[in-house]
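The values are calculated or read from the model by the stated rules, or taken from the named source; none is laboratory data. Fair warning: this is a prediction, and the values are worked out from it, not measured in the lab. These accessible areas exclude ligands, DNA and RNA; they are computed on the full protein's heavy atoms, side chains included. Shrake-Rupley method; radii C 1.70, N 1.55, O 1.52, S 1.80 Å.
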Amino acid sequence: MLLGELEKQVLEYLWKHQPADAKQVHSHFEKNRGGSLNTIQSTLDRLFKKDLLSRAKSSHAFQYFPKVKRHELIGQLIKDVTYDFIVEDENSVITAFSSISSDLDEQQLNKLELMIEQQRKKLQKNSDT
Amino acid sequence: MIYDQWALTFNLLTVGVLAFVVANIFASSVFWSIKEKLADYSVSTRKSLLWLFVFAPWFIALSVTLFFSPLFQDHSTFTWLTDLAHWHHPDIFYFLSWHSFSLLVFVAFSLYVFTKKMSVIYHNNKKISMLRLFGIERCKQVIIIESPIPTAFTGGLLNPSCFISTGLIEQTSTVELEIIIQHEIAHVRNYDPLKKWFFSFLSAYFTNDVKSLLSSMMSLSMEQDADSFFVKNQQQSQNVATTLIKFTKLAAKYSIHPQYKSELFVHFCRHSIEQRVLHLLNDKKFKPFPKGTALIVIFLLVLISITSVDSLHHAIETLFTH
């Protein structure tokens with residue numbers, strides 16, 4: 001799923017002001033960036049087709065609201081991007097600072113920390129003498 | 001059945017495929033027997049050696065194909081070698097033969113690997129583009145993403161960027177954050193995501209055990225390289241090691257929270273964190289790149305592959321007459 005700049009802006013607007021119909025969204029964007037009602041309607045429709053928005057008919061217009069919260073969408077993207085690491089590292093195309101495994105041992109980490117501290121002291125001692 | 005130039009081309013491709021398989025087996029055996037010794041080399045040498053292993057079957061296959069081509073076979077200079085190995089009837093190619101079958105299997109497998117790897121790029125690229133769209137550019141190639149998950153990673157193949165979450169910024173000090181960002185910038189400057197992808201493509205031709213080990217060794221080497229990319233002295237090494245431990249503990253704390261359990265990176269086992277810390281603290285002298293040994297091994301592998309292709313050809317043709 002790829003999003004265009006306007007799609008992202010519409011989604012950001014709906015995260016703050018939901019639910020809203022095409023006219024309400026258009027009146028907001030008309031002031032800020034211009035564009036016709038048709039453009040907004042098709043953008044809302046695209047976002048609906050991409051499964052990012054839900055809609056419900058209210059009198060003659062659709063009321064749109066986001067299907068997922070902002071932090072949920074970003075969390076899902078992080079999860080997807082890093083998923084290869086979890087299941088199959090050979091297919092991974094990202095590199096990360098650190099990660100953990102389920103068998104991570106706190107004691108082992110403390111031991112490593114102690115080792116760093118000892119070396120730090122040794123270095124300090126050497127520089128003092 | 002076809003004759004002349006096209007037949008020669010198809011026969012040479014078959015030679016290439018056979019040589020590739022033979023070279024792959026021998027390169028895997030060499031790698032497996034020296035895998036532990038790779039730790040005696042510096043990170044950059046280790047990376048070069050790993051690249052050499054995955055490139056070896058391709059290079060050897062090309063050399064063997066050239067050897068069986070008229071370029072070599074028609075010259076009297078290499079008579080002793082052409083007596084040793086030669087390809088029968090290179091100007092005739094049977095489509096209904098083991099020659100075309102082996103070619104087809106190789107092409108089909110290559111297409112499968114290529115499609116799989118391209119699909120990884122396609123899906124990853126879409127997700128990375130979305131994260132870029134929702135992120136805020138902190139500085140060139142550093143993007144802040146609003147998420148409570150403490151995370152930092154580099155993504156994007158041709159135009160890599162590093163992504164730092166607000167959750168990480170809130171839970172680390174300025175110095176620690178700088179270390180993490182520098183680590184990620186090192187990945188960006190090295191084009192590690194692209195190299196990792198290409199490496200995984202080349203290693204896909206090895207058996208599962210070899211493939212997994214090659215990938216994890218390359219991942220570890222890339223991380224170790226990024227760890228010490230900006231490090232100038234022992235004190236800085238210790239700071240990177242401390243940050244690594246702190247971040248790992250932070251990630252472990254989040255794994256308890258069911259909401260974030262699946263979002264955690266688990267590509268590195270405890271063992272590799274340990275190896276990275278030990279590498280940062282280590283000041284031992286590493287062995288230089290074994291140029292002589294590498295050249296001798298490659299030459300021997302080319303020679304073994306040439307004779308093996310000839311013997312294999314004879315053996316199969318004795319069993320099935322095409």
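Tabulated values for the structure
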quantity: In Hz, Karplus ³J(HN,Hα) per residue of region A:110-123 (6.51, -1.76, 1.60; θ = phi - 60°; x = Gly, Pro); calculated: 5, 5, 5, 4, 4, 4, 5, 4, 4, 5, 4, 5, 4, 5
quantity: Amide proton proximity set for A:VAL68, modelled H, under 5 Å, gap of 5+; calculated: none
quantity: Per residue, the convex hull volume that the Cα atoms of region B:179-227 enclose (Å³); calculated: 54 Å³
quantity: With Cα atoms, 0 to 90° folded angle of helix B:270-281 axis to chain B main axis; calculated: 80 degrees
quantity: Region B:5-27-region B:36-71 distance, computed between alpha-carbon centres (Å); calculated: 17 Å
quantity: Nearest 10 degrees, 0 to 90: helix B:291-319 Cα axis against chain B principal axis; calculated: 50 degrees
quantity: Chain B, Cα convex hull volume normalised per residue, Å³; calculated: 171 Å³
quantity: Where region B:134-225 is the region considered: accessible area per residue in Å², 1.4 Å probe; calculated: 35 Å²
quantity: Normalised contact order of chain B, rounded percent, pairs of Cα under 8 Å and 6 or more residues apart; calculated: 24 percent
quantity: Alpha-carbon centroid distance for the pair region B:279-295 / region B:150-203, whole angstrom; calculated: 26 Å
quantity: Hull volume in cubic angstrom per residue (convex hull over the Cα atoms of the protein assembly as shown); calculated: 211 Å³
quantity: Taking region B:123-288 and dividing mean pair separation by its residue count, relative contact order in percent (alpha carbons under 8 Å, at least six apart); calculated: 17 percent
quantity: Between 0 and 90°, nearest 10: helix B:43-68 axis offset from chain B longest Cα axis; calculated: 20 degrees
quantity: Rg/Rg_ref, region B:118-173, where Rg_ref = 2.2 N^0.38 Å and atoms are Cα; calculated: 1.13
quantity: Spatial extent of region B:123-288: Rg and Dmax, with the Cα atoms as the point set, Å; calculated: 16.2, 47
quantity: Accessible surface of region B:123-288 [probe 1.4 Å, protein heavy atoms]: carbon and sulfur percent; calculated: 55 percent
